Amino acid sequence: MDKPLFSVIIPAHNEEKYIGKCLRAVRSAAKYAAPDSVEIIVVANRCTDRTAEIAKHYGARVLANDDKCIAAIRNTGVRAANGEIIVTVDADSLMTKYSLIEIRELLNSGKYVGGGTNPKFDRMSLGIAASAIYVAVNLLPIMMKNGGYLSGAMFWCYKRDFYTIGGFDETLVSLEDMDFACRLKKHGEKSGRKYGTLKRSYVTTSSRKFDEFGDWYLIKNRRLTKRIFTGKDREAADSFYYDVR
């Protein structure tokens, strides 16, 4: 492959159940954006299952990382990336087929510094809907402080802008995505570019946290949720993210 246009970064901790579906979705999107323009990097984090094997089967480059910090895991992938455009998506999420084309269009317009997209859960219930509203309400003060709604789920930007803002903050053990979005938006404003949200594309993300903990877990454990929202609580982050699987 010549130097790719896109580097798709996928952090993965024991994701053998999901990684194949995720990579098939990326490869499908790559067909529309031109297959030779996309490299896929899977950052295998403390994996004890077949995640790395499956990723290699689908043509991904696999890196190892042992940090219990999702920001550090994402940054590891970006440091190894050869593409001009960085896209980060979680291993249990599926991008839609026009995602990379739409990202290219928005960045080529010169109007956008980067951005995110909107997620859809692979199943829905009253508990999941209530939890999503609860999370949104708790994040609202951060968003309003930074000018309104900031999408996440799958981040995209030029690699040069990623490095200019310092990538993901490795002092955070949670909420690194919201922090990244806020800093990317502020950086774009300095050059007259907007933080964008994909309109035609989205990601379908698994409801596995609700499958594991229960659909009402975040509502019933609001104290833990608030600790996670600090971004700095190692014990809370470990119990919900890093030590689950």
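Of 42, 78, all but one fail to be more than 27 Å from residue 233 (Cβ to Cβ) and surrounded by 17 or more Cβ atoms within 10 Å (Cβ to Cβ); the exception is 42. Just one of the numbered conditions (1) within 19 Å of residue 178 (Cβ to Cβ); (2) of a type outside the set (Ser, Thr, Tyr); (3) not in a loop (DSSP other than H, G, I, E, B) is not true of residue 160: (1). Residues that are modelled with pLDDT of 95 or more and among the aromatic types (Phe, Trp, Tyr) were ranked within the range 126-173; the one that is surrounded by the fewest Cβ atoms within 10 Å (Cβ to Cβ) is 163.
Looking at the range 192-235, which of the residues that are of a type in the set (Gly, Ala, Ser) and within 20 Å of the chain's Cα centre (by Cα) is surrounded by the most Cβ atoms within 10 Å (Cβ to Cβ)? Taking the candidates together, the pick is 196.
On the basis of being outside any helix (DSSP H, G or I), in contact (Cβ under 8 Å) with a residue 60 or more places away in the chain and among the hydrophobic types (A, V, I, L, M, F, W, C), does residue 81 make the cut? When the stated conditions are applied, residue 81 passes them. The C-beta contact set for the range 24-37 (first residue of a type in the set (S, T, N, Q), second residue surrounded by 16 or more Cβ atoms within 10 Å (Cβ to Cβ) and part of a helix (DSSP H, G or I), distance under 9 angstrom, 6+ apart or interchain) comprises 37/30; 37/100; 37/104. In a residue-by-residue description of the range 188-211, the property of being in contact (Cβ under 8 Å) with a residue 24 or more places away in the chain, at positive phi and in a loop (DSSP other than H, G, I, E, B) applies to no position.
Evaluated against (1) surrounded by fewer than 16 Cβ atoms within 10 Å (Cβ to Cβ); (2) of a type outside the set (Gly, Ala, Ser); (3) not in a loop (DSSP other than H, G, I, E, B), residue 106 falls short on exactly one condition, (1).
Does the range 70-78 contain any residue that is under 23 Å from residue 165 (Cα atoms), of a type in the set (D, E, K, R) and touching a strand residue (DSSP E or B) at 6+ places or on another chain (Cβ under 6 Å)?
yes
Residues being more than 18 Å from the chain's Cα centre (by Cα), within 24 Å of residue 202 (Cβ to Cβ), without any contact (Cβ under 8 Å) to a residue 12 or more places away in the chain and not in a strand (DSSP E or B) are entirely absent from the range 4-12.
The values are calculated or read from the model by the stated rules, or taken from the named source; none is laboratory data. Computed from a predicted structure; not experimentally measured. Heads up, the Cβs are rebuilt from the backbone with ideal geometry, glycines too, and the neighbour counts pull from every protein chain shown.
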